[in-house]
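Structure first, then comments.
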Amino acid sequence: MHDEAAVVTARNNTGGSYQGHPIPEATRATLVLVRDADHWQLAAIHMSFIAGTRGAPPIPGAGHRPEGHEGAA
C-alpha cells in the first residue's frame, strides 16, 4: 500500500463454458484500490488470459502446438 492506494494482483483458475465455448482456465487480474474516507473502493481492474493455458487464445507467432505442449517446439 502506498499513500491511500493499493495494487493487487491475482491469478484465477476456473473451468466451464459459455454458449458451448470453453472459458480459459487461467486468468490474471490486476486491481487498483483507493481509500475514500473510511472505505476502500475499486478504481480499476484489468483481466487477461494467461498465454499457453487451456482455453486461452493461441500465442502469436508460436505456430500450432498440441494442447499441453508448451515450451520449445
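Every number here is computed from the coordinates shown, using simple stated rules; none is lab data. This one's a predicted model, so the numbers in the text were calculated from it and none came from an experiment. All Cβ positions, even for glycine, are placed from backbone atoms using ideal geometry, and neighbour counts span all protein chains on display.
Structure values in brief
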| item | result |
| --- | --- |
| Rg in Å to one decimal, and Dmax rounded to a whole Å, for region 5-49 via C-alpha atoms | 14.1, 45 |
| Ranked Glu4, Glu25, criterion: other C-beta atoms within 10 Å, fewest first | Glu4, Glu25 |
| Computed lengthening from Val8 to Glu25, 0.36 nm per intervening residue step minus Cα-Cα distance | 4.1 nm |
